[in-house]
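Just so it is clear, none of the values below were taken in a lab; they were calculated from the coordinates. Please read these numbers as outputs of a predicted model, since none were measured by experiment. Reconstructed Cβ throughout: ideal geometry from the backbone, glycine too, with neighbour counts over all protein chains shown.
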Amino acid sequence: MGTGMGGSRAPLFRRRKGSFLEISIVSLADSRPFSLNRLTHARVWSAIDALARRYGLSPSGLAKRAGLDPTAFNKSKRVTGEGRPRWPTTESIAKVLAATGASFDDFTALIIAEPRRRNSAQPIPLIGMTQAGAGGFFDDGGFPVGGG
């Protein structure tokens, strides 16, 4: 197992109980280790999705750009028919990084980052009936006016 930059550091990779892998990531800027307790299936796939979004692509578009089958990163292919997690290969990740120009540090930062929370309940701007009827929001036929 690797030991990082200096010979006296703790191993970079340690096998943990279950399907988790403990990784110590050392920032080259400050040489302080950051312990990532769990490298999970969900976080790796979330990082791939985030990388695709960063470059204005869908997961399918990212796979195509990397020279992979366009369905390689489909959500339906992330779990086997038996329900076991299917992890992306290191070769796939390397191809994605080469195709986007992102570094491995960029990718691991996306893994470490807190998952984005979906805000499915986005507020819809409303105005009162009195305000709507008073001025310029609707035409004589009752249709909204204005651009947008």
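So here's what we get for this one:
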read-out: Burial ordering of 76, 92, fewest other beta-carbon atoms within 10 Å first; value: 76, 92
read-out: Net +/- balance of residues flanking residue 77 in space, Cβ distance below 11 Å, scoring K and R +1, D and E -1; value: +2
read-out: Whether segment 54-108 is rounded, prolate or oblate, judged on the alpha carbon gyration tensor where a/c under 1.5 counts as rounded; value: prolate
read-out: Positive minus negative residues near residue 58 (Lys, Arg vs Asp, Glu; Cβ under 10 Å); value: +1
read-out: Residue order, fewest to most surrounding Cβ atoms within 10 angstrom, among 51, 62, 126; value: 126, 51, 62
read-out: Residues 48, 112, 127 arranged by fewest to most Cβ contacts within 10 Å; value: 127, 112, 48
